[in-house]
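This report refers to the structure that appears directly beneath it.
The values are calculated or read from the model by the stated rules, or taken from the named source; none is laboratory data. Since this is a predicted model, take the numbers as computed values, not measurements. With ideal geometry, Cβ positions are generated from the backbone for all residues, glycine too; neighbour counts draw on all protein chains shown.
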Amino acid sequence: MLPIIRSVLAIGMPAALLAVTTSAQATCYSIAGTTPRFIPAAFGNIASVPRNHVRIDFIGHGSFEIESPAGVRIVTDFNGYLRPSRLPQIVTMNTQSETHSTEFTDPAIKYVLKGWNPAGGVAKHNLRFKDVRVRNVPTNLQNWSGRISNDSSMFVFDVSDLCIVHLGNLRHVLTRDFVAQLGRVDIALVPIDGTYTMSYDELFDVLKMIKPALIIPMQFGSAGGAEEFVARARKLWPVRRHSESWIQLSFRDLPRQSEVMFLRGGF
């Protein structure tokens, strides 16, 4: 963990910053004691997303396409070279890196949400568009002579009463403040490189804190990295490989207990 990040975490999230993110929550808030009923998810080549469902396509590295019933398409970690088959209306970029962002986006993309603030300070997003809501939780905080800034964000997608969190390039464990800002987490898109972002121990600590029903890996790191993750994750959760690069599911389709699912192309 970077020393400067550790110092910010030690004092907790600034109150003003906490207010910004918590006020942005919609249905993605903590719910104690609720367990969704398990119904096998419908997987197939369906032209449109049914009501109360979401479709998640794995494009590569940290990029997923998330589609809502109203036809809103969001691409995470849009970098310009891992492209979806259709132009999205919203793109997110968790950090400033050629594999996670680009300065060259199609003007037809309505919203470009960066996980850092190019002008300095802390990135703040709270977007409502048709049937989706997108907000960020700033991470990797830095304190330069009393000025707080961040170089990455977790993005929270509220779609069809599902709370999907893209952890981005998170490089530290989460405090209670961070967990409170995330709220309820149904699906977590998580980096499993084990080195550049977090160690496996740190990642597993984060997952135990946010308790997602479905854990979808991304950012696999070096050769053999996925195998090591699987070997260790299996001691904590069921691990399975889906036959397609995409899934379509509703809140009721979530497993009763947390499980890891690799989309095809990921491992």
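Just a few scattered comments:
- Meets criteria (under 24 Å from SER258 (Cα atoms), among the hydroxyl-bearing types (Ser, Thr, Tyr), surrounded by 12 or more Cβ atoms within 10 Å (Cβ to Cβ) and modelled with pLDDT under 95) for SER68: no
- Any hit, region 94-105, residues being closer than 22 Å to GLU202 by Cβ and assigned to a strand (DSSP E or B): yes
- Residue count, region 80-117 (criterion: farther than 24 Å from THR139 by Cβ and acidic (Asp, Glu)): 1
- Flag if ASP186 is touching a strand residue (DSSP E or B) at 6+ places or on another chain (Cβ under 7 Å), under 27 Å from SER68 (Cα atoms) and either among the polar types (S, T, N, Q) or crowded, with 16+ Cβ neighbours inside 10 Å (or both): yes
- Residues in region 73-89 that are among the small types (Gly, Ala, Ser) and either surrounded by 17 or more Cβ atoms within 10 Å (Cβ to Cβ) or within 15 Å of SER245 (Cβ to Cβ) (or both): 1 in all.
- Qualifying strands (runs of 3 or more DSSP E) (wholly inside region 156-267; at least 1 residues being under 27 Å from ARG133 (Cβ atoms) and touching a residue at least 60 places away in the same chain (Cβ under 8 Å)): 162-166, 187-191, 214-218, 246-250
- Checked against the criteria, VAL173 does not count as closer than 25 Å to PHE262 by Cα, under 12 Å from the mean Cα position of the chain (by Cα) and surrounded by fewer than 24 Cβ atoms within 10 Å (Cβ to Cβ).
- Within region 106-118, considering residues that are in a loop (DSSP other than H, G, I, E, B) and surrounded by 17 or more Cβ atoms within 10 Å (Cβ to Cβ), the one farthest from the chain's Cα centre (by Cα): TRP116
- Matching option when the condition is within 30 Å of SER48 (Cβ to Cβ), touching a strand residue (DSSP E or B) at 6+ places or on another chain (Cβ under 6 Å) and either at pLDDT below 95 or surrounded by fewer than 19 Cβ atoms within 10 Å (Cβ to Cβ) (or both), among ARG264, ARG240: ARG240
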